[in-house]
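Student: The structure under discussion is supplied below as structure tokens; questions concerning it will follow.
Bear in mind these aren't lab numbers, they're just calculated from the coordinates by the rules spelled out. Treat the numbers as computed from the prediction; the structure is a model and nothing was measured. Note that each Cβ is placed from the backbone with ideal geometry, even for glycine, and that neighbours are counted across all protein chains shown.
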Amino acid sequence: MATTTPDVRRGGRSILERSPSARRADPLFKAILATLAGLILALIAFFFVYLINKAWPALSHQGFFSFLFTNDWNPSKEIFGAWPLVVGTLVTAAIALVIGVPIAVATALFITELAPRRVRSPLVILVELLAAVPSVVYGLWGIFVLIPKLKPAEQWFSDSFSFLPFVGGNVAGPNYFIAGLILAIMILPIVSAISREVISTVPPDLKEASLALGATRWEMIRMAVLPYSRAGITGAAMLGLGRAIGETIAVTLVIGNSPTIGKAIFDQGYTLAAVIANEFGEAANDKVHAGALFAAGLVLFVLTLLINFAARGLVRRAEQKGTKVKAVPGGAA
């Protein structure tokens, strides 16, 4: 005669033996979580509608496509073309990614895979301390240290590699590159922390199998650790990109605040966040000017949403590729 074994995970009773009152908490808990998730979506929709409402005076005056793609920002003549601001935002964020992400991932790999155990905790603390520095301090450091110290090196690079696109000409003091460099330093702790947590989840058996089959430490990292962690590292880079796009004070101090599209990475520029910070005070009594700044915030908001959607797609693709990477040299799983 078969006997049933009670499920000790549910207090020694099967789920059918539980009283109806004991199961009421489950749908209640599910409803609470669904409500909170719905409130987040409603909050995003509220922000979107609010920005459109505030930006409408400028959009009706200028036109959305004219506002977005016109290369002229002149509040005194009520001309608001945000294309130089969009370009400045994208250029500085791209420079930050190109410089910051490889360094952040390399830092995470060193701390997780190569550093002696006794120095891992101090290194983690030192890297995470970068996130505690206020953005205005980064900006002042950029003005008084980076701009004067790096200008000779920037001019040499501009003269030596003028054949490259977006390089050449005289180097301005504040410029795209300095802003991107500071943003790279600011996103480094975020990307490094997430990458470090993702890399630490790689199964030890996978790494030991690679080493047992004769792979070097670098080959083990390249063929086992990085493919397994690809999705998480991609997500970390996209979070860093969102952080770089929204940064205001540090970029405002070092980019030059010139509402024109620079011809090289060492030219002055402007960003969407910087123009809002600089001009919002003087635009308080001008509905069109204030509306243009709200429109800039709307473009920044939409740009961030698009980046998040693109990041989700990249993470899914990386996850699909990561699931296919199950073999290491020699065919071991």
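Student: In degrees, nearest 10, range 0 to 90: what is the angle between the Cα axis of helix 287-324 and the longest Cα principal axis of the chain?
Tutor: It is inclined by approximately 40 degrees.
Student: Quick one: dipole size for the chain, taken about the Cα centre, charges +1 on Lys/Arg Cβ and -1 on Asp/Glu Cβ, in debye to the nearest 20.
Tutor: Details: 28 positive and 19 negative charges, 293 e Å.
The dipole magnitude comes to about 1400 debye.
Student: Ok, one more. Counting Lys and Arg as +1 and Asp and Glu as -1, what is the net charge of the other residues whose Cβ lies under 14 Å from the Cβ of residue 293?
Tutor: -2
Student: Here's a follow-up. Towards the positive end of the charge dipole of the chain, with charges on Cβ (+1 Lys, Arg; -1 Asp, Glu), say which of 108, 141, 270 has the farthest Cα.
Tutor: About the Cα centre, the residue reaching furthest to the positive side is 108.
Student: Here's another thing I want to ask about it. Magnitude of the Cβ-charge dipole of segment 231-297, K/R +1 and D/E -1, about the Cα centre, nearest 20 debye?
Tutor: 180 debye
Student: How do 183, 239 rank when sorted from fewest to most other Cβ atoms within 10 Å of their own Cβ?
Tutor: Lowest to highest Cβ neighbour count: 239, 183.
Student: What is the P(r) of segment 143-292, as percent of Cα-Cα pairs per 5 Å bin from 0?
Tutor: 2, 9, 13, 13, 12, 12, 11, 10, 8, 6, 3, 1, 1, 0, 0
Student: Helix 176-199 against the longest principal axis of the chain: what's the angle in degrees, Cα atoms only, rounded to the nearest 10?
Tutor: 0 degrees
Student: Keeping to pairs on different chains or 8 or more places apart, tell me how many lysine pairs in the chain have Cα atoms under 21 Å apart.
Tutor: Going through the chain pair by pair, I get 7.
Student: Put +1 on the Cβ of every Lys and Arg and -1 on every Asp and Glu Cβ in the chain; which of 65, 198, 168 then has its Cα farthest towards the positive end of the dipole?
Tutor: Towards the positive end, the residue furthest out is 198.
Student: Related question: May I ask for log10 I(q)/I(0) of segment 23-124 at q = 0.16, 0.17, 0.18, 0.24 Å⁻¹, from a Debye sum over the Cα atoms as equal point scatterers with solvent left out?
Tutor: Log-scaled intensity ratios, in q order: -0.87, -0.88, -0.91, -1.17.
Student: For a footprinting-style exposure proxy, rank 196, 118, 316 by other Cβ within 10 Å, fewest first.
Tutor: Lowest count first: 118, 316, 196.
Student: May I pose another question? Counting other C-beta atoms within 10 Å, which of 218, 73, 56 has the fewest, and how do the rest follow?
Tutor: Placing the least packed residue first, the sequence is 218, 56, 73.
Student: Next up: Tell me whether the chain comes out rounded, prolate or oblate; compute the Cα gyration tensor, take square roots of the eigenvalues as a ≥ b ≥ c, and use a/c under 1.5 as the rounded threshold.
Tutor: Oblate, because a/c is 1.5 or more while a/b does not exceed b/c.
Student: Restricting to Cα pairs below 8 Å that are 6+ residues apart, what does the relative contact order work out to for segment 84-202? Please round to a whole percent.
Tutor: Details: 99 pairs, mean separation 62.5, N = 119.
Dividing the mean separation by the residue count of segment 84-202 yields 53 percent.
Student: Working from the pairwise distances between different alpha carbons, so that the mean of 1/r is found and then inverted, what is segment 83-156's Kirkwood radius in Å?
Tutor: Roughly 15.1 Å, rounded to one decimal.
Student: 222 nm [θ] for the chain, helices only, -39500 (n - 2.57) per DSSP H run of 4+, per residue, to 500? Spell out each step's value before the answer.
Tutor: Working: 13 runs with 215 residues, N = 333.
Calculated from helices alone, the mean residue ellipticity at 222 nm is -21500 deg cm²/dmol.
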